[in-house]
1. Take the conditions in contact (Cβ under 8 Å) with a residue 60 or more places away in the chain and part of a helix (DSSP H, G or I) and apply them to Leu142. Does it pass?
2. Take Pro128 and decide whether it is touching a Leu at 6+ places or on another chain (Cβ under 6 Å) and either closer than 25 Å to Ala19 by Cα or free of Cβ contacts under 8 Å to residues at least 24 places away in the same chain (or both).
3. Looking at region 73-86, which of its residues are touching a residue at least 24 places away in the same chain (Cβ under 8 Å) and not charged (D, E, K, R)?
4. So, Arg151, is that one surrounded by 17 or more Cβ atoms within 10 Å (Cβ to Cβ), farther than 19 Å from Tyr53 by Cα and out of contact with any helix residue (DSSP H, G or I) (no Cβ under 6 Å at 6 or more places or on another chain) or not?
5. Taking the criterion of being of a type in the set (Ser, Thr, Tyr) and touching a Leu at 6+ places or on another chain (Cβ under 9 Å), would at least one residue in region 20-32 satisfy it?
6. Could you give every pair whose Cβ atoms fall below 9 Å, whose first residue belongs to region 92-115 and is free of Cβ contacts under 8 Å to residues at least 24 places away in the same chain, and whose second residue is of a type in the set (Asp, Glu), counting only separations of at least 6 or pairs across chains?
7. Given (1) under 20 Å from Ile138 (Cβ atoms); (2) among the aromatic types (Phe, Trp, Tyr); (3) free of Cβ contacts under 8 Å to residues at least 24 places away in the same chain, identify the lone condition not met by Phe39.
Amino acid sequence: MRIFGKLHDASSRALFLVAGAALALAVFLYLFEVTARYFFGAPTTWSGEVVQYCLSAIIFLALPEITRRQSHIVIDLVPAALSGRLAVLVNKVNGAVAGIACAMAGGIVALEAQRQFVRGLLTNAAHPIPRWWITAIIAAGLLSAATHFLRNLLTQREPAS
């Protein structure tokens, strides 16, 4: 199980780097489009589409690492007001709900990606690409985040009394 955890953590870090590269690409293409459009009067037909695809990659490839680091947005008014074992219990319930929600959403999206693959569906764009590429990225991000939530449940320790 420890080897799985190390591999999962390493894959989350690697996907986070890919998300960073997608962000850099999106910024570059956005600036490229503005320059091409307003300085050269030659707008592109493809850069906006690539930026849209990059946004999915940025969000869902960064999600597992954000979850691993527990850097996601947390509203912890109730757990912060509690003490000791009760706070740990509430945090565990919250983590379980988040993990189950991510797992269910990831499973639904993975099934949709499979359906899109089988049907050969393409995006509705000037330069269409297979839809399943984007949907698979979303599913992978959600399922990996779910795994981090659930792994955290197994390793969370109670505070010393």
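The values are calculated or read from the model by the stated rules, or taken from the named source; none is laboratory data. If you're wondering where the values come from, they're calculated on a predicted model, not measured in any experiment. Cβ placement follows ideal geometry from the backbone for every residue including glycine, while neighbour counts extend to all protein chains displayed.
1. Working: in contact (Cβ under 8 Å) with a residue 60 or more places away in the chain: yes; part of a helix (DSSP H, G or I): yes.
Yes: the conditions hold for Leu142.
2. Details: touching a Leu at 6+ places or on another chain (Cβ under 6 Å): yes; either closer than 25 Å to Ala19 by Cα or free of Cβ contacts under 8 Å to residues at least 24 places away in the same chain (or both): yes.
The answer is yes for Pro128.
3. So the first thing to find is which residues in region 73-86 are touching a residue at least 24 places away in the same chain (Cβ under 8 Å), and the list is 84-85.
Answer for region 73-86, where residues must be touching a residue at least 24 places away in the same chain (Cβ under 8 Å) and not charged (D, E, K, R): just Gly84.
4. On the way: surrounded by 17 or more Cβ atoms within 10 Å (Cβ to Cβ): yes; farther than 19 Å from Tyr53 by Cα: yes; out of contact with any helix residue (DSSP H, G or I) (no Cβ under 6 Å at 6 or more places or on another chain): yes.
Judged against the criteria, Arg151 is a match.
5. Here is the first cut: in region 20-32, the residues of a type in the set (Ser, Thr, Tyr) are 30.
The next check asks that each one be touching a Leu at 6+ places or on another chain (Cβ under 9 Å); those that pass are none.
So far as region 20-32 goes, no, none of its residues is of a type in the set (Ser, Thr, Tyr) and touching a Leu at 6+ places or on another chain (Cβ under 9 Å).
6. So the pair list comes out as Asn94/Asp76.
7. Checking Phe39 against (1) under 20 Å from Ile138 (Cβ atoms); (2) among the aromatic types (Phe, Trp, Tyr); (3) free of Cβ contacts under 8 Å to residues at least 24 places away in the same chain, the one that fails is (1).
Table: residues versus (1) touching a Ser or Thr at 6+ places or on another chain (Cβ under 9 Å); (2) modelled with pLDDT under 95.
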| site | (1), (2) |
| --- | --- |
| Gln70 | no, yes |
| Asp76 | no, yes |
| Ala80 | no, yes |
| Arg85 | yes, yes |
| Cys102 | yes, no |
| Gly120 | no, no |
| Pro128 | no, yes |
| Ile138 | yes, no |
